[in-house]
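Visitor: The structure that follows is given in the form of structure tokens.
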């Protein structure tokens with residue numbers, strides 16, 4: 001195929017509004033081929049937008065870990081991907097799920113694990129999960145048998161992390177039985193926690209994220225006790241935690257963390273699960289992704305091509321571009337100017353000229369956490 005594609009390195013954080021790829025035909029007889037590829041190539045908007053959303057969530061989590069002087073051991077697992085069932089297809093779940101894995105390591109979207117070996121020559125495992133119950137398990141003995149079932153779950157759990165959904169009927173009643181002494185469920189949980197490598201995570205799955213989270217934290221803290229971070233924020237004194245995974249987007253996660261801080265709770269007590277809010281609440285317009293003709297070569301010289309409708313937000317860029325970095329800020333400038341071009345040739349005339357491992361991309365994406373919170 002007589003095409004040359006230049007692109008910024010995958011995983012590189014680049015501000016919205018800059019060129020990410022440049023496509024030119026290499027045979028004048030195939031001038032039409034560039035725009036023919038638009039629909040195919042522009043689909044990179046989806047994983048790149050999801051990766052950015054996931055990175056923004058990681059930034060806000062990291063911010064509140066800092067503010068509350070929390071331990072950061074679990075930052076890589078602070079947001080878990082629950083989105084497979086809400087994805088538009090198995091293929092899209094793999095793309096979105098692998099984009100999330102650039103920032104975090106927790107996932108129940110198994111298809112995401114197929115992307116690194118199949119497309120990036122990388123056989124490392126980048127996503128992990130834990131043993132966990134769901135409502136079909138906790139309701140299998142009926143409402144009167146919920147605690148008996150919970151006791152059975154804990155007794156038969158393998159060592160490691162155990163996540164228990166607690167809102168099948170009444171999350172407050174469940175937590176009181178699980179956290180307060182004198183209850184069989186509390187006794188088997190304490191026995192499970194005798195192994196210092198074990199942890200129990202309680203998962204409410206309904207109600208208002210902010211108020212329900214604070215309520216759960218207070219009940220768990222009263223039952224298991226708390227200690228304080230250097231900044232005076234409360235941390236559970238036992239190896240227990242809270243998981244909120246219902247109806248979350250970036251703003252709701254931020255609101256929960258803000259409320260925790262205001263109520264004296266350290267951010268390290270909680271982890272989040274994102275489903276549709278990660279996989280489905282983005283569009284091509286979220287970051288204004290577009291693929292436009294910007295220059296044409298005619299009669300021996302280049303001509304600038306652009307559109308400029310009355311709606312100025314729809315004006316397209318003109319000229320042939322390169323991407324430079326000035327003092328840590330990426331800028332799109334005309335070819336021929338000063339500065340190293342961060343667009344590198346990755347494909348030319350049927351040959352792939354540049355390949356990355358998933359590890360390479362993940363390492364580049366890690367720099368996003370240093371950007372300012374919006």
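Visitor: Filter region 177-194 for residues that are touching a helix residue (DSSP H, G or I) at 6+ places or on another chain (Cβ under 7 Å) and surrounded by 17 or more Cβ atoms within 10 Å (Cβ to Cβ); which is nearest to residue 219 (Cα to Cα)?
Guide: Of everything passing the filter in region 177-194, 179 is nearest to residue 219 (Cα to Cα).
Visitor: Inside region 57-169, counting only helices (runs of 4 or more DSSP H) that do not spill past its ends, which hold 2 or more residues that are out of contact with any strand residue (DSSP E or B) (no Cβ under 7 Å at 6 or more places or on another chain) and within 24 Å of residue 13 (Cα to Cα)?
Guide: Correct list: 90-100, 115-119.
Visitor: On the basis of being touching a helix residue (DSSP H, G or I) at 6+ places or on another chain (Cβ under 6 Å), in contact (Cβ under 8 Å) with a residue 40 or more places away in the chain, closer than 30 Å to residue 85 by Cβ and assigned to a loop (DSSP other than H, G, I, E, B), does residue 200 make the cut?
Guide: no
Visitor: Follow-up. Could you tell me whether any residue of region 224-246 is assigned to a helix (DSSP H, G or I) and at pLDDT 95 or above?
Guide: Yes, there is a match, as at least one residue in region 224-246 is assigned to a helix (DSSP H, G or I) and at pLDDT 95 or above.
Visitor: Would you mind stating whether residue 295 is touching a residue at least 12 places away in the same chain (Cβ under 8 Å) and touching a helix residue (DSSP H, G or I) at 6+ places or on another chain (Cβ under 9 Å)?
Guide: For residue 295, the condition - touching a residue at least 12 places away in the same chain (Cβ under 8 Å) and touching a helix residue (DSSP H, G or I) at 6+ places or on another chain (Cβ under 9 Å) - is not met.
Visitor: Can you name the condition, by its number, that residue 11 falls short on among (1) over 18 Å from the mean Cα position of the chain (by Cα); (2) crowded, with 18+ Cβ neighbours inside 10 Å; (3) assigned by the TED database to the domain that holds residue 316?
Guide: Condition not satisfied by residue 11: (1).
Visitor: Shifting gears a bit: Those residues that are in contact with a helix residue (DSSP H, G or I) (Cβ under 8 Å, 6 or more places away or on another chain) and more than 23 Å from residue 199 (Cα to Cα), I need them from region 262-274; list them, please.
Guide: Correct list: 263 only.
Visitor: Next up: If only one of 197, 170 is over 21 Å from residue 143 (Cα atoms), assigned by the TED database to the domain that holds residue 67 and exposed (fewer than 15 other Cβ atoms within 10 Å of the Cβ), which one is it?
Guide: 197
Visitor: Could you pull out the residue among 347, 321 that is on the phi < 0 side of the Ramachandran plot and at pLDDT 95 or above?
Guide: The conditions single out 347.
Visitor: Given (1) surrounded by 15 or more Cβ atoms within 10 Å (Cβ to Cβ); (2) part of a helix (DSSP H, G or I); (3) over 23 Å from the mean Cα position of the chain (by Cα), identify the lone condition not met by residue 35.
Guide: Of the numbered conditions (1) surrounded by 15 or more Cβ atoms within 10 Å (Cβ to Cβ); (2) part of a helix (DSSP H, G or I); (3) over 23 Å from the mean Cα position of the chain (by Cα), the odd one out for residue 35 is (1).
Visitor: Follow-up question, since we're still on this one. Restricting to region 229-260, and then to whatever is over 27 Å from residue 160 (Cβ atoms) and out of contact with any helix residue (DSSP H, G or I) (no Cβ under 6 Å at 6 or more places or on another chain), can you tell me which residue is surrounded by the fewest Cβ atoms within 10 Å (Cβ to Cβ)?
Guide: The selected residue is 230.
Visitor: Which numbered condition in (1) at negative phi; (2) not assigned by the TED database to the domain that holds residue 359 is the only one that residue 41 fails?
Guide: It is condition (2) that residue 41 fails.
Visitor: Please pick out the residue among 138, 148 that is exposed (fewer than 14 other Cβ atoms within 10 Å of the Cβ), without any contact (Cβ under 8 Å) to a residue 60 or more places away in the chain and farther than 23 Å from residue 352 by Cα.
Guide: 148
Visitor: Take the residues in region 170-189 that are in a helix (DSSP H, G or I) and without any contact (Cβ under 8 Å) to a residue 24 or more places away in the chain; name whichever of them is farthest from residue 249 (Cα to Cα).
Guide: My answer is 187.
The values are calculated or read from the model by the stated rules, or taken from the named source; none is laboratory data. Quick caveat, the model's predicted, so the values are computed rather than measured. Every residue, glycine among them, receives a Cβ derived from its backbone with ideal geometry; neighbour counts consider all protein chains shown.
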